[in-house]
Amino acid sequence: MSLLRVSGLAKSFGGVRAVDDVGFELAAGQLLALIGPNGAGKSTLFNIVNGQLAPDRGSVLLDGQELVGRTPRAIWRLGVGRTFQIAETFASLTVVENVQMALLSHDRRPYSPWRRAADWRRGDALALLEQVGLRAQADLRCGVLAYGDVKSVELAIAIAHEPRLLLMDEPTAGMAPPERHALMALTRRLVAERGMAVLFTEHSMDAVFGYADRVIVLARGRLIADGSPQQIRDDRQVQQVYLGTGSDAVSHSNV
Ligand code: ADP
Ligand code: MG
């Protein structure tokens with residue numbers, strides 16, 4: 001049975017059908033890429049799933065529970081996590097303190113400057129850092145980390161909440177190819193180890209075709225394809241959409 005089941009989802013902004021009757025499923029332990037040209041509706045779809053945006057119509061079931069109509073906080077508690085941007089990581093805290101903060105919020109304990117962060121679940125935080133390959137950087141301030149390492153910290157923070165479904169909107173934006181591959185390989189490994197489901201958007205086709213189990217394609221709000229990376233690469237309609245935007249990234253991707 002699918003962990004996530006989206007059906008008949010629709011959202012318009014004025015006359016623009018940003019998401020137009022979209023349906024798909026995602027099973028636990030799967031890495032699903034959502035691709036499409038700029039303005040296709042990817043972020044709108046994400047924001048409906050995480051509760052920041054109410055759809056005009058449709059249903060989003062997580063393990064059979066309806067998410068539409070719930071607050072982002074309630075959806076987060078049900079196990080839908082997302083990665084946050086670099087600016088939201090506290091650059092002046094150390095790597096391990098950032099993860100400890102995430103664990104505090106997972107435990108629903110308010111952060112208090114009176115308690116030394118060092119006392120709080122440091123061992124658990126270090127274990128998470130071990131999983132993302134950052135154990136050695138634990139006591140460095142986030143502000144001094146390389147960009148790719150900051151992204152790994154963001155991933156550790158996101159999985160501190162033990163999400164069943166993790167949403168990643170353009171996780172590798174601004175990354176050089178080696179960092180991008182490292183982050184995707186790490187995500188791939190976490191999906192396998194944790195049986196977590198991941199829905200991610202990407203512009204980089206090597207990240208999509210190299211790592212996703214399945215790919216869905218949006219164009220002008222419509223879902224035009226749903227299949228394996230190979231099926232998507234061979235799909236004429238998908239190729240046309242990308243050629244139509246002046247990009248031959250799909251047909252010429254050589255991963
Ligand atoms: P993507 O993430 O695929 O680039 P978006 O979901 O951001 O696409 O946008 C889909 C369409 O909806 C675009 O035409 C965009 O201009 C429009 N749109 C998105 N958000 C809003 C908004 N808050 N108000 C008005 N129009 C919006
Ligand atoms: Mg977007």
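Among the residues of region 224-235, is there at least one that is farther than 19 Å from A28 by Cα and in a strand (DSSP E or B)? For region 224-235, residues farther than 19 Å from A28 by Cα and in a strand (DSSP E or B): present. Under the condition of being in a helix (DSSP H, G or I), under 16 Å from Y211 (Cα atoms), out of contact with any Gly (no Cβ under 6 Å at 6 or more places or on another chain) and of a type in the set (D, E, K, R), the residues counted in region 140-191 number 3. For region 192-216, filtered to residues that are part of a strand (DSSP E or B) and in contact with a Ser or Thr (Cβ under 8 Å, 6 or more places away or on another chain), the residue that is nearest to R164 (Cα to Cα) is V198.
Of all residues in region 53-104, those that are open to solvent by 70 Å² or more (accessible area, probe 1.4 Å) and of a type in the set (A, V, I, L, M, F, W, C) total 4. Criterion applied to D124, D119 was being modelled with pLDDT of 85 or more and open to solvent by 40 Å² or more (accessible area, probe 1.4 Å), and the one residue passing it is D124. I'm checking my understanding of the structure. Among residues of region 77-100 that are modelled with pLDDT of 85 or more and part of a helix (DSSP H, G or I), which one is nearest to R188 (Cα to Cα)? Only one residue tops the list, namely V99. Scanning region 187-204 for residues that are modelled with pLDDT of 90 or more and under 13 Å from the mean Cα position of the chain (by Cα) returns T187, R188, L190, V191, M196, A197, V198, L199, F200, T201. Among the conditions (1) in contact with a helix residue (DSSP H, G or I) (Cβ under 7 Å, 6 or more places away or on another chain); (2) within 12 Å of ligand 1 (Cβ to nearest atom), the only one that L45 does not satisfy is (1).
Filtering region 145-161 for residues that are on the phi > 0 side of the Ramachandran plot and over 13 Å from the mean Cα position of the chain (by Cα) leaves an empty set.
Selection of region 25-52 for residues being open to solvent by 20 Å² or more (accessible area, probe 1.4 Å) and hydrophobic (A, V, I, L, M, F, W, C) yields A27, A28. Give the residues of region 18-49 that are more than 13 Å from ligand 2 (Cβ to nearest atom), assigned to a loop (DSSP other than H, G, I, E, B) and at negative phi, sorted by residue number. Of everything in region 18-49, those that are more than 13 Å from ligand 2 (Cβ to nearest atom), assigned to a loop (DSSP other than H, G, I, E, B) and at negative phi turn out to be A27, A28, Q30. Residues in region 1-19 that are surrounded by fewer than 19 Cβ atoms within 10 Å (Cβ to Cβ) and either more than 7 Å from ligand 1 (Cβ to nearest atom) or within 25 Å of G79 (Cβ to Cβ) (or both): M1, S2, R5, S7, G8, A10, S12, G15, R17. Just name the residue that is farthest from T201 (Cα to Cα) out of those in region 160-176 that are surrounded by fewer than 21 Cβ atoms within 10 Å (Cβ to Cβ) and of a type in the set (A, V, I, L, M, F, W, C). Restricting to residues being surrounded by fewer than 21 Cβ atoms within 10 Å (Cβ to Cβ) and of a type in the set (A, V, I, L, M, F, W, C), the top hit is A176. Restricting the first member to region 53-76 and to residues that are without any contact (Cβ under 8 Å) to a residue 40 or more places away in the chain, and the second to residues that are open to solvent by 50 Å² or more (accessible area, probe 1.4 Å), the beta-carbon pairs closer than 6 Å and six or more apart or on different chains are P72/Q52.
The values are calculated or read from the model by the stated rules, or taken from the named source; none is laboratory data. Since the structure is predicted, the reported quantities are computational estimates derived from the model, not experimental observations. We place every Cβ from the backbone using ideal geometry, glycine too, and count neighbours over all the protein chains shown. Ligands, DNA and RNA are excluded from the accessible area calculation, which covers all protein heavy atoms including side chains. Shrake-Rupley method; radii C 1.70, N 1.55, O 1.52, S 1.80 Å.
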